[in-house]
Amino acid sequence: MLSVDTSALFTHLQEQHVDEAALLWGQRAYALKQVGSDMARIAKLERRIDSHLRCIKLHESHAWPFVERNAQEGDASDLFVMSILALIAKDGEKFETVLSMLRESLSLLPGVASALGWLPAGTIERLLLPKLRYWKNSGDVLLQHLFLLACSVRRITPEINFSLMKAAPESVEEADMYARAARLAGEMKLHEAKKRLAIWLQSDHLPLQFWSAWSLVLLGDELGLNRLLTLSLTPNEYQFEAINLSARRLPLAAAQDLVRSLAKNKTQTPQAILAVSALGLVDSMDWLHARMSDPKFGYLAGHAFNMITGIDLVREELYFTQDKSEDDEVMPLDGFEQLPCPDPVAIAKHWNTVSNRFVEKHRYLCGHRIADMPFNNIVASGLQGHRRAAAIEWACSTVTRVLPNINNKVSLDGAF
């Protein structure tokens, strides 16, 4: 009679659940970055992740050895799975393992951030708030960073005194933590942070300097806008983020000057195209159309056309079914890898039939004038690129509007 080692089979199944949850989380993280991703795809990935997490949670003791092994050898996706189990665990040992890994590499932080946002809404009081109170008052820079991160992901008012924070951080770790605090001030519209943000603008730590400027702009402060404009004009790790906000908040003439300044430098053509997209003027349509014929930048120009007009290149058959780029080494920008290659001739013909719907010197997003924008509808159900732009415009519409978190889990109602 054939005998089956059910113990070994069960162990193998748990290993598969752990591996699949991490793999699918990586796919979701990639989808969130892609401007063309839709909510249905993201929600489907989340449901699949939840199904694996449920199995892992039911047999946690059998799954943990695989979780720990993968996290020690893997990346943020593996730490996401570990963090989920650590956050719901009754003892603190598992979370200490998470902390030890974070202390070795903050590059794993996105996995922990996602886990903090993944907890079902009904478990916040029981699972998260007690931890937040401890992290906030711990005196440990990493735990305070996690406190700010959790408040950011869940959009919880942190109730911290910015005036008690140091004008000049004493370590890179502390500067990174302050950068998260600066970012949170803009996301949550914490106007009491303005004085400290203005001081941090002078920091030599670029993340702290950028997020201070970014938040000051969301809080309606021109001091931040001047610094953000400087960061928009020169290549740096935050240039695209700086352009995305400054092109929207600068006075119209100054924003057009920003586009012209970037367009003069051929090495900054991608930045110029994204500035045109953020500004949303049809006045730049001829320049944008000319960029569509360039194999290096056509996909970006087509995306900008869609962002401004709302015209779907695929639905209207305004794209090449095969990539016409002759340069196989052209590498799309991160987050723009899955865009169609626009057909400039077809787009020009289509634009001639619909251009009378648009008025020059007026800003547009997804075919709507910004002044008449249904922000909530787009944030709730648009493509990721549309949602990101609408969220920023919505937050900028008033000095009290909290910035929607478009990277949060689609549904926080059910338990995994």
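For the stretch 107-152, taking the residues that are at pLDDT below 95 and among the β-branched types (Val, Ile, Thr), the one that is nearest to Leu197 (Cα to Cα) is identified as Ile124. Taking every residue in the stretch 334-363 that is at positive phi and pairing it with any residue that is β-branched (Val, Ile, Thr) and in a loop (DSSP other than H, G, I, E, B), at least 6 positions away or on another chain, the pairs with Cβ-Cβ distances below 7 Å are Gly335/Val35. The one condition from (1) over 21 Å from the mean Cα position of the chain (by Cα); (2) part of a helix (DSSP H, G or I); (3) touching a residue at least 40 places away in the same chain (Cβ under 8 Å) that Gly220 does not meet is (2). Across the stretch 45-52, a minimum of one residue is classified as in contact (Cβ under 8 Å) with a residue 60 or more places away in the chain and in contact with a helix residue (DSSP H, G or I) (Cβ under 6 Å, 6 or more places away or on another chain).
Being of a type in the set (Phe, Trp, Tyr) and farther than 24 Å from Leu365 by Cα: is that true of Tyr238 here? No: the conditions fail for Tyr238. A single member of Ser246, Ser277 is farther than 15 Å from Phe297 by Cα and assigned to a helix (DSSP H, G or I), and it is Ser246.
Checked against the criterion of being within 30 Å of His205 (Cβ to Cβ), touching a helix residue (DSSP H, G or I) at 6+ places or on another chain (Cβ under 8 Å) and among the basic types (Lys, Arg), the stretch 275-292 has no qualifying residue. Look through the stretch 223-266, keep the residues that are of a type in the set (Gly, Ala, Ser) and within 22 Å of the chain's Cα centre (by Cα), and return whichever of them is farthest from Cys396 (Cα to Cα). Going through the qualifying residues, I end up with Ser232. Somewhere in the stretch 182-197, is a residue assigned to a loop (DSSP other than H, G, I, E, B), closer than 21 Å to Glu393 by Cα and charged (D, E, K, R)? Yes, the stretch 182-197 contains a residue that is assigned to a loop (DSSP other than H, G, I, E, B), closer than 21 Å to Glu393 by Cα and charged (D, E, K, R). Does the stretch 80-121 hold any residues that are small (Gly, Ala, Ser) and in a loop (DSSP other than H, G, I, E, B), and which are they? Those that are small (Gly, Ala, Ser) and in a loop (DSSP other than H, G, I, E, B): Ala89, Gly92, Ser105. Checking Gly74, Gly92 one by one, the residue that is small (Gly, Ala, Ser) and without any contact (Cβ under 8 Å) to a residue 12 or more places away in the chain is Gly92 and no other. Within the stretch 222-262, restricting attention to residues that are surrounded by 18 or more Cβ atoms within 10 Å (Cβ to Cβ) and charged (D, E, K, R), the residue that is nearest to Ala167 (Cα to Cα) is Arg227. Counting only residues that are loosely packed, with under 12 Cβ neighbours inside 10 Å, part of a helix (DSSP H, G or I) and in contact (Cβ under 8 Å) with a residue 24 or more places away in the chain, the stretch 156-171 holds 1 of them.
Looking at this structure, is Ile378 closer than 28 Å to Leu218 by Cβ and in a loop (DSSP other than H, G, I, E, B)? Here the answer is no, as Ile378 does not meet what is asked. Of all residues assigned to the stretch 42-53, at least one qualifies as being more than 20 Å from Arg388 (Cβ to Cβ), surrounded by 18 or more Cβ atoms within 10 Å (Cβ to Cβ) and aliphatic (A, V, I, L, M). Among the residues of the stretch 350-384, those identified as touching a helix residue (DSSP H, G or I) at 6+ places or on another chain (Cβ under 6 Å) and among the charged types (D, E, K, R) are Glu360, Arg363.
The values are calculated or read from the model by the stated rules, or taken from the named source; none is laboratory data. Predicted model, so just to flag it, every value in this text is computed and none were measured. Quick reminder, even Gly has a Cβ in these numbers, built from the backbone with ideal geometry, and neighbours come from all protein chains shown.
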